[in-house]
Amino acid sequence: MSSVPLAASAATLLAKLHLRPGTEEEFTAWQARALTQAARSEGFLSSETMPADSHSPAWTVNLRFRNSQLLESWRQSADWDALVRDAQSLLAKDSSVEIEVKEIGADGGVVEVVVTQVKPGKEVEYRDWETRIQQAQSKFPGYLGSYVQPPVGGELGWTTLMRFQNAAQLEKWLKSTERASLLREAQPLIDYAHLQRVDSSFPGWFPTNPETGDAPPNWKAAMLVLLGLFPIVMLEARFLSPLLASLNSSLSMFIGNTISVALTSFVTMPYFVKAFGFWLFPKRPRDAIVGTSILIVLFVVEVAALWHLL
């Protein structure tokens with residue numbers, strides 16, 4: 001989880017669009033293009049999209065810039081003019097794109113980043129599902145907006161940012177029955193979803209449960225860390241320690257620990273977290289038993305394989 005910092009004199013462009021029924025999918029692509037193009041402009045800070053609800057019949061796109069001068073430069077650009085023209089075909093009868101520019105102070109808030117791997121051929125259904133989940137989360141207290149980016153530049157995952165005023169309000173949405181129901185509907189459409197939050201004893205290494213927002217139990221996290229760290233430490237003791245023997249013990253230990261942490265963070269943990277995802281967040285009782293059994297066997301194999309290393 002991360003905060004989106006805003007400068008004290010930041011300025012925002014609010015574009016309100018009353019959509020014609022049935023154009024939500026096209027609008028999702030339009031707002032993604034608006035963000036992509038705005039992000040190339042000097043001073044761009046962030047973008048948020050707030051869906052229509054019972055309180056506001058219009059969809060709102062917020063584009064934030066470092067100051068009003070940089071925002072005005074974007075507003076006068078050919079890219080923005082083209083976006084406004086393209087939006088006309090999406091609007092309801094007798095409506096237009098309502099634009100407002102205002103300066104704002106830093107408004108804080110927390111952001112949850114979700115990376116989702118959508119199954120091939122399910123992109124259209126996924127866009128429709130994203131529209132519905134945005135509408136649902138907009139009804140929760142503290143909701144400040146969201147942004148959905150389809151894969152770009154060779155990336156495999158769809159990136160979703162949901163923004164709330166504080167962590168408690170964000171967590172209430174993540175653990176809500178409404179979100180759990182929508183996630184069940186999305187299961188046929190996606191291969192996996194990764195939520196980036198710092199809620200466990202091993203922040204950054206483990207995702208949270210996409211259905212509950214909870215991190216895996218610490219004992220499971222510790223077992224996977226041990227599985228990846230043990231062989232690294234053993235190999236360092238055998239091959240690296242002799243090379244560092246002439247150095248001060250504090251310095252040699254620091255070098256060894258640096259290598260251990262780097263290999264664990266970027267080599268072993270990403271692989272193990274993916275391989276044991278079924279065990280970290282089991283959907284069936286047998287998943288927990290199978291995963292634990294496999295880990296115990298792997299521990300035995302590691303110990304046996306390295307028995308005579310030292």
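Quick notes on this one:
- Listed by first and then second residue, the pairs linking a residue in segment 252-279 that is under 21 Å from Val297 (Cβ atoms) to a residue that is acidic (Asp, Glu) and at pLDDT 85 or above, with Cβ atoms under 9 Å apart and 6 or more places separating them unless they lie on different chains, are Phe278/Asp287; Trp279/Asp287.
- In segment 225-277, of all residues being in a loop (DSSP other than H, G, I, E, B) and either of a type outside the set (A, V, I, L, M, F, W, C) or touching a strand residue (DSSP E or B) at 6+ places or on another chain (Cβ under 9 Å) (or both), the one that is nearest to His308 (Cα to Cα) corresponds to Ser246.
- Put simply, of Arg64, Arg40, Arg75 the only residue that is charged (D, E, K, R), more than 19 Å from the chain's Cα centre (by Cα) and closer than 16 Å to Leu161 by Cα is Arg64.
Each row is one residue, and each column tells you yes or no for (1) assigned to a loop (DSSP other than H, G, I, E, B); (2) modelled with pLDDT under 75; (3) crowded, with 16+ Cβ neighbours inside 10 Å.
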site	(1), (2), (3)
Val148	no, yes, yes
Glu155	yes, yes, no
Leu161	no, yes, yes
Glu171	no, no, yes
Arg179	no, no, yes
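- Test: residue in segment 266-280 that is at pLDDT below 80 and under 20 Å from Ala193 (Cα atoms): yes
- The residue that is surrounded by the fewest Cβ atoms within 10 Å (Cβ to Cβ), among those in segment 43-61 that are of a type outside the set (Ser, Thr, Tyr) and more than 27 Å from the chain's Cα centre (by Cα), is His55.
- Condition check for Val4: among the β-branched types (Val, Ile, Thr) and at pLDDT below 80: yes
- Val124 being under 15 Å from Ala32 (Cβ atoms) and modelled with pLDDT of 80 or more: yes
- Here segment 294-310 is the region considered, the condition is being more than 13 Å from Leu227 (Cα to Cα) and of a type outside the set (A, V, I, L, M), and the residue that is modelled with the lowest pLDDT is His308.
- Selected residue (criterion: nearest to Glu236 (Cα to Cα)) from residues of segment 257-279 that are open to solvent by less than 60 Å² (accessible area, probe 1.4 Å) and among the hydroxyl-bearing types (Ser, Thr, Tyr): Ser260
- Failed item in (1) assigned to a loop (DSSP other than H, G, I, E, B); (2) of a type in the set (A, V, I, L, M, F, W, C); (3) modelled with pLDDT of 80 or more, with Ala82 passing the rest: (1)
The values are calculated or read from the model by the stated rules, or taken from the named source; none is laboratory data. Every value quoted in this text rests on a predicted model; they were computed, and no experiment measured them. Cβ atoms come from the backbone with ideal geometry, glycine included; neighbour counts cover every protein chain shown. The accessibility values were calculated without ligands, DNA or RNA, using every heavy atom of the protein model including side chains. Shrake-Rupley method; radii C 1.70, N 1.55, O 1.52, S 1.80 Å.
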